[in-house]
Amino acid sequence: MSIIQCDEDCIYQRDGYCSLEMPSAITNYTGDGCVHCIKVTPRVRPETPANDVQPRI
């Protein structure tokens, strides 16, 4: 782990520090902030309403 402080919502941020071990090719440079930052996207599970569940016979 590096000693680079990080407060971004990034897949490499762990406990306030960057956990990227070895930088690789830059793939998502946006012009501001870290060039290796990949935003975390929350996984959304589709929920089935209780009244739509069909009983098994």
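The values are calculated or read from the model by the stated rules, or taken from the named source; none is laboratory data. Computed from a prediction, not measured in an experiment: that's the story for all the values here. Cβ placement follows ideal geometry from the backbone for every residue including glycine, while neighbour counts extend to all protein chains displayed.
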*Could you grab me the full set of residues in region 2-23 that are outside any strand (DSSP E or B) and closer than 13 Å to Val35 by Cβ?*
Ile4, Cys6, Glu8, Tyr12, Leu20, Pro23
*Within the bounds of region 24-45, is there any residue that is in contact with a His (Cβ under 8 Å, 6 or more places away or on another chain), part of a loop (DSSP other than H, G, I, E, B) and modelled with pLDDT of 85 or more?*
no
*asked:* I'm checking my understanding of the structure. Among residues of region 1-17 that are over 12 Å from Val40 (Cα atoms) and modelled with pLDDT under 90, which one is surrounded by the fewest Cβ atoms within 10 Å (Cβ to Cβ)?
replied: Ile3
